[in-house]
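S.K.: I am attaching a structure below and will ask some questions about it afterwards.
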Amino acid sequence: MTPTTTTGRSIEVRGVVQGVGFRPHVARLAAAHGIAGEVGNDELSVFIEAEGTTDALDAFLGALVEEAPPLASVLDVRVTDRAPSGAAGFRIVPSRHRIGARTLVPPDVAVCDDCLAELRDPGDRRHRHPFITCTNCGPRFTIITDLPYDRPATTMRDFPLCAACAREYADPGDRRHHAQPVSCHACGPRLWWEQVTDADACTDTDTGTGTVVLGDDDVLTRAQAMLAAGRIVAVKGIGGFHLACDATSAAAVELLRARKHRPDKPLAVMARDLDEARRVVELSPAAEAALCQPSRPIVLLPGRTDGPLAGAVAGDLDEVGVMLPYAPLHHLLFAPVPGRPGTGAPPLLVMTSGNLADEPLAFTNDDARARLSRLADGFLMHDREIAVPCEDSVVSVVDGEEVPVRRSRGYTPLPVALPAELGAGPTVLAVGAEVKNTFCLVREDLAFCSAHIGDMGSLESRAAFGRSVDQLVRLRDAEPELVVADLHPGYATRRWAEDHAAGIGRPLLTVQHHHAHLASLLVDRERVGTPVLGLAYDGTGYGCDGQVWGGELLAMGTDLATFERAGHLAPLVLPGGDAAVRNPFRTALALLAGADVAPDWSPAGVPAAEVALVRSQVTTGTACIATTSVGRLFDGVAALLGGRQRVGYEAQAAVELEVLARGARGVVPLAMPVVDGLIDWRPTVRGIVAALGGGEDPAAVARGFHEALARASAELVVVEAARRDIGVVGLTGGVFANRELVAALRHRLADAGLEVLTHRRVPCNDAGLALGQAAIGRAIASRGEGVV
Ligand code: ZN
Ligand code: ZN
Ligand code: FE
């Protein structure tokens, strides 16, 4: 076929492609590439009939997704060749309707450059409008209460459009055509300030408790002055409240930590712009791209030791979580107020979730007043309601690739498409695990993963979980026909699922934790049906034998519904179970006893009586829980190396061991043999004791431990891969957030000729679990055996 021959293609683009300017985008591209035909849409897709030369069609197809409008999110593109019909010109045709189909809800995205330019233009009628938005930007998911997505079905229903806004809204040539959240100074929501504690140091008027300040400029000036004075301000944002303070003030950061009861967990920083971000973290091109994308996640980046951040922001970690402003209000908060010299918030702010410790995010004004008044010195409030809470997302950048850590604002509620073999079946609700919890709702071939909900330990979290389930079920019009939960009988989500399944008269299925991790990875990487070996390393998962698993090699054939345990870490004991999770020195003592070495080791700063008690516990086996958890092995080794003997949050010791290894100048070789499918850590522990006794640098020992674990894991995998003739290995579970371990393991597996899969779309930790549970639910349901 010569390039000048005309041919035809039918193209279907599925995803968030309605109300985001996708059809005009297609028409523009068609004109640019000399394509004839037409474009139209329905609830779930844009369909295109295109005719042109093959070269032109290829270029058109490439640009279709590559240059898509910012709020568009493409799930898949299906192309079929057909004979040309001799079409001339290109036109947009009327929408058609699919029976029973529901439009996808777009996620919330950052304010766009066009709106920002207007925000800063004194001549624009939306100059400094805190709620400026257009078709290409702004809140969506967090303001939508129902479908179809029209203004009455959003929290903007309370703000009738003024005549000027209504004109823009109705004009197909306007950037605000059919932008549901559009408003202006005349018709939009309002800001105000509520003083909680005395503000005498910050301002010369109206300083007392309970004072309310009105008027945008006065409100912003007060908030800025409070922040500059080292106070804590609760800022209502897109998906909930943040607690903000000056990130360069040690006193302010300590105050925030003390009030929030969060002694250790790192705090996220919002930098005014890229230059400010560059003062506190190392910025690669990939890091800049991650920071600037419309979803504006928190990006974990290497911290600069010479930066101005208060030490307590990142704690003992070598990374800082940084994000850029994403709401117009954030931009206004940083900027000086016109005509008022010296105003503007400090350019680096801690911006952490508005909650106490592990409680859910506060997102309504009343809830914020009730729960945050003891944490904040004042509230930067507004009256645009948040329909559903949505925390900031978190990503890291590994070898130039973005890796999800928490998938929430900017991504939720975009679905993940299931492969054809799982694409049909019952509507499934999978409830996830226990910490970092999310749930997943599958309808037809789309899996909707919820925003981050948090730790299910509190009543508030469980209530928030129930509300989020109701909201997603309503938005998707998808009553669950099958409920899936973790096998763990003690999980709050499991009990919730049992009650819920009974309440709606639908079956409940339980799925083993690490099985779900591996299934999640296969859906994430579109490899369902590929025989695979999966290393599932994490903190805790209930095993099929009732033991605590967490260092597993699983083998899976073409059927997602079944797996075999092909190997694991040799068991270690946790003296006191959960007490050992909070006190890694307990695990260290058990490791030493198990390895029959250093019976006199005593952890620094732990009372002798407590040590003696744990020793006797280990000897007698009283309240000792056996586990194959790699996460717990990390804890114990970290304690042996002089790290924390007690931790403030799960995995803290393990994360700090990774940091220690990353900074090592040398490496101490350590043995970790694999015997009959078991990774034996006892020689490793003996090697660690000997190395420390010989005066070796703990950092070099930490590196040696990472290397030894990578080597042993690879050995275990390679033997099984040969035996089973499997060429693909997946790495999943929270331990694989450890970049040093992943890097060491990846090159060994690749050298052995194996293809290595890691997570790209959902987190490797328990926040990604529900997707795997849901997929297994579908796989089991599709066998037609019935589900009990
Ligand atoms: Zn915009
Ligand atoms: Zn208006
Ligand atoms: Fe897990």
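The values are calculated or read from the model by the stated rules, or taken from the named source; none is laboratory data. Small disclaimer: the values here were computed from a predicted structure and weren't measured. Methodologically, a virtual Cβ is constructed for each residue, glycine included, from the backbone with ideal geometry; neighbour enumeration extends over all protein chains shown.
S.K.: Right, G19: under 17 Å from S95 (Cβ atoms), surrounded by 20 or more Cβ atoms within 10 Å (Cβ to Cβ) and not basic (K, R) or not?
M.R.: So G19 fits the description; yes.
S.K.: For the stretch 131-167, how many residues meet the condition of being within 16 Å of ligand 2 (Cβ to nearest atom) and either of a type in the set (G, A, S) or surrounded by fewer than 18 Cβ atoms within 10 Å (Cβ to Cβ) (or both)?
M.R.: 9
S.K.: When the stretch 335-388 is examined, which residues are found to be part of a strand (DSSP E or B) and more than 25 Å from the chain's Cα centre (by Cα)?
M.R.: The first filter runs over the stretch 335-388 and keeps only residues part of a strand (DSSP E or B), leaving 348-353, 378-382.
Residues satisfying the conditions are G378, F379, L380, M381, H382.
S.K.: Is there a residue in the stretch 194-217 that is of a type outside the set (V, I, T) and either within 16 Å of ligand 1 (Cβ to nearest atom) or part of a helix (DSSP H, G or I) (or both)?
M.R.: yes
S.K.: In this structure, is R176 closer than 15 Å to L332 by Cα and either crowded, with 18+ Cβ neighbours inside 10 Å or in contact with a Phe, Trp or Tyr (Cβ under 9 Å, 6 or more places away or on another chain) (or both)? Working first, answer last.
M.R.: On the way: closer than 15 Å to L332 by Cα: no; either crowded, with 18+ Cβ neighbours inside 10 Å or in contact with a Phe, Trp or Tyr (Cβ under 9 Å, 6 or more places away or on another chain) (or both): yes.
In short, no.
S.K.: Now for a separate question. Give me the strands (runs of 3 or more DSSP E) completely within the stretch 395-501, filtered to those with at least 1 residues that are out of contact with any Gly (no Cβ under 7 Å at 6 or more places or on another chain), free of Cβ contacts under 8 Å to residues at least 40 places away in the same chain and among the hydrophobic types (A, V, I, L, M, F, W, C), ordered by residue number. Working first, answer last.
M.R.: On the way: elements: 401-406, 415-417, 428-430, 440-443, 446-449, 482-486.
Those strands (runs of 3 or more DSSP E) span 446-449.
S.K.: Can I ask one more? Would the stretch 362-369 turn up any residue that is surrounded by fewer than 18 Cβ atoms within 10 Å (Cβ to Cβ) and touching a Pro at 6+ places or on another chain (Cβ under 6 Å)?
M.R.: Within the stretch 362-369, none of the residues are surrounded by fewer than 18 Cβ atoms within 10 Å (Cβ to Cβ) and touching a Pro at 6+ places or on another chain (Cβ under 6 Å).
S.K.: List the residue pairs whose Cβ atoms are under 6 Å apart, where the first residue sits in the stretch 512-524 and is within 17 Å of P489 (Cβ to Cβ) and within 12 Å of ligand 3 (Cβ to nearest atom), the second is assigned to a helix (DSSP H, G or I) and not aliphatic (A, V, I, L, M), and the two are 6 or more positions apart or on different chains.
M.R.: Cβ pairs passing all conditions: A516/G772; A516/Q773.
S.K.: Still on this structure, please answer the following. If I ask for residues that are aliphatic (A, V, I, L, M) and touching a helix residue (DSSP H, G or I) at 6+ places or on another chain (Cβ under 6 Å), which ones from the stretch 224-242 would you list?
M.R.: Those that are aliphatic (A, V, I, L, M) and touching a helix residue (DSSP H, G or I) at 6+ places or on another chain (Cβ under 6 Å): I232, V233, A234, I238.
S.K.: Quick check on this structure: which one of A68, A56 is assigned to a loop (DSSP other than H, G, I, E, B) and surrounded by 16 or more Cβ atoms within 10 Å (Cβ to Cβ)?
M.R.: On the way: A56 fails: assigned to a loop (DSSP other than H, G, I, E, B).
After ruling out the rest, the residue left standing is A68.
S.K.: From the set of residues in the stretch 538-573 that are closer than 15 Å to L678 by Cα, free of Cβ contacts under 8 Å to residues at least 60 places away in the same chain and assigned to a strand (DSSP E or B), which is nearest to ligand 2 (Cβ to nearest atom)?
M.R.: If we take residues in the stretch 538-573 being closer than 15 Å to L678 by Cα, free of Cβ contacts under 8 Å to residues at least 60 places away in the same chain and assigned to a strand (DSSP E or B), then L554 is nearest to ligand 2 (Cβ to nearest atom).
S.K.: Further question on the same structure: Give R126, R91 a once-over and let me know the one that is over 30 Å from P338 (Cα atoms) and either within 16 Å of ligand 1 (Cβ to nearest atom) or assigned to a strand (DSSP E or B) (or both).
M.R.: R91
Rundown of residues vs (1) in contact (Cβ under 8 Å) with a residue 40 or more places away in the chain; (2) out of contact with any helix residue (DSSP H, G or I) (no Cβ under 9 Å at 6 or more places or on another chain); (3) not aromatic (F, W, Y), yes/no style:
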{"residue": "L61", "(1), (2), (3)": "yes, yes, yes"}
{"residue": "R82", "(1), (2), (3)": "yes, yes, yes"}
{"residue": "P94", "(1), (2), (3)": "yes, yes, yes"}
{"residue": "H97", "(1), (2), (3)": "yes, yes, yes"}
{"residue": "V111", "(1), (2), (3)": "yes, no, yes"}
{"residue": "H127", "(1), (2), (3)": "no, no, yes"}
{"residue": "F131", "(1), (2), (3)": "yes, no, no"}
{"residue": "N136", "(1), (2), (3)": "yes, no, yes"}
{"residue": "D158", "(1), (2), (3)": "yes, yes, yes"}
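S.K.: Take the conditions part of a loop (DSSP other than H, G, I, E, B), within 16 Å of ligand 1 (Cβ to nearest atom) and out of contact with any Ser or Thr (no Cβ under 8 Å at 6 or more places or on another chain) and apply them to R98. Does it pass?
M.R.: Against the criterion (part of a loop (DSSP other than H, G, I, E, B), within 16 Å of ligand 1 (Cβ to nearest atom) and out of contact with any Ser or Thr (no Cβ under 8 Å at 6 or more places or on another chain)), R98 does not qualify.
S.K.: For the stretch 518-548, which positions are among the aromatic types (F, W, Y) and either within 16 Å of ligand 1 (Cβ to nearest atom) or surrounded by fewer than 24 Cβ atoms within 10 Å (Cβ to Cβ) (or both)? Walk me through it before giving the result.
M.R.: Of the residues in the stretch 518-548, the ones among the aromatic types (F, W, Y) are 537, 542.
Hit for the stretch 518-548 is Y542, nothing else.
S.K.: Another one. Could you check T758 against (1) closer than 30 Å to R525 by Cα; (2) surrounded by 20 or more Cβ atoms within 10 Å (Cβ to Cβ); (3) among the hydroxyl-bearing types (S, T, Y) and say which number it fails?
M.R.: Looking at each condition in turn, T758 falls short on (2).
S.K.: Could you please find all residues in the stretch 254-277 being surrounded by fewer than 24 Cβ atoms within 10 Å (Cβ to Cβ) and under 20 Å from L333 (Cα atoms)?
M.R.: Within the stretch 254-277, A268, R272, D273, L274, D275, E276 meet the criteria.
S.K.: What pairs can you find where one residue is in the stretch 169-187 and under 15 Å from V111 (Cβ atoms) and within 12 Å of ligand 1 (Cβ to nearest atom), the other is among the hydrophobic types (A, V, I, L, M, F, W, C) and part of a loop (DSSP other than H, G, I, E, B), and their Cβ atoms are less than 6 Å apart, with a gap of 6+ or different chains?
M.R.: R176/V182
S.K.: Sticking with this structure for a sec: Quick one: in the stretch 214-232, which of the residues that are surrounded by fewer than 22 Cβ atoms within 10 Å (Cβ to Cβ) and within 25 Å of H185 (Cα to Cα) is modelled with the lowest pLDDT?
M.R.: The qualifying residue modelled with the lowest pLDDT is L214.
S.K.: Same structure again: Return the only residue of V597, V630 being under 30 Å from E319 (Cα atoms) and among the β-branched types (V, I, T).
M.R.: Just a single option satisfies the conditions, and that option is V630.
S.K.: Scan the stretch 266-291 residue by residue and report those that are outside any helix (DSSP H, G or I), in contact with a Gly (Cβ under 8 Å, 6 or more places away or on another chain) and within 22 Å of A345 (Cβ to Cβ).
M.R.: Across the stretch 266-291, the qualifying residues are P266, L267, A268, V269, V281.
S.K.: Anything in the stretch 13-32 that is part of a strand (DSSP E or B) and closer than 11 Å to L64 by Cα? List them, or say none.
M.R.: Result: V13, single match.
S.K.: Look at the stretch 542-575 and say how many of its residues are within 16 Å of ligand 3 (Cβ to nearest atom) and polar (S, T, N, Q).
M.R.: The qualifying residues number 1.
S.K.: Here's something else I'd like to know. Which is at pLDDT 95 or above and over 26 Å from V548 (Cα atoms), of G677, G694?
M.R.: Details: G677 fails: over 26 Å from V548 (Cα atoms).
Only one candidate passes the filter, namely G694.
S.K.: Out of T248, T305, which single residue is of a type in the set (V, I, T) and in contact with a Pro (Cβ under 8 Å, 6 or more places away or on another chain)?
M.R.: One residue alone meets the criteria, T248.
S.K.: Sticking with this structure for a sec: Give the residues of the stretch 730-788 that are among the acidic types (D, E) and more than 22 Å from R703 (Cα to Cα), sorted by residue number. Step through it out loud before you land on a result.
M.R.: If we filter the stretch 730-788 for residues that are among the acidic types (D, E), which is where we start, we get 740, 751, 755, 766, 785.
Of everything in the stretch 730-788, those that are among the acidic types (D, E) and more than 22 Å from R703 (Cα to Cα) turn out to be E755, D766, E785.
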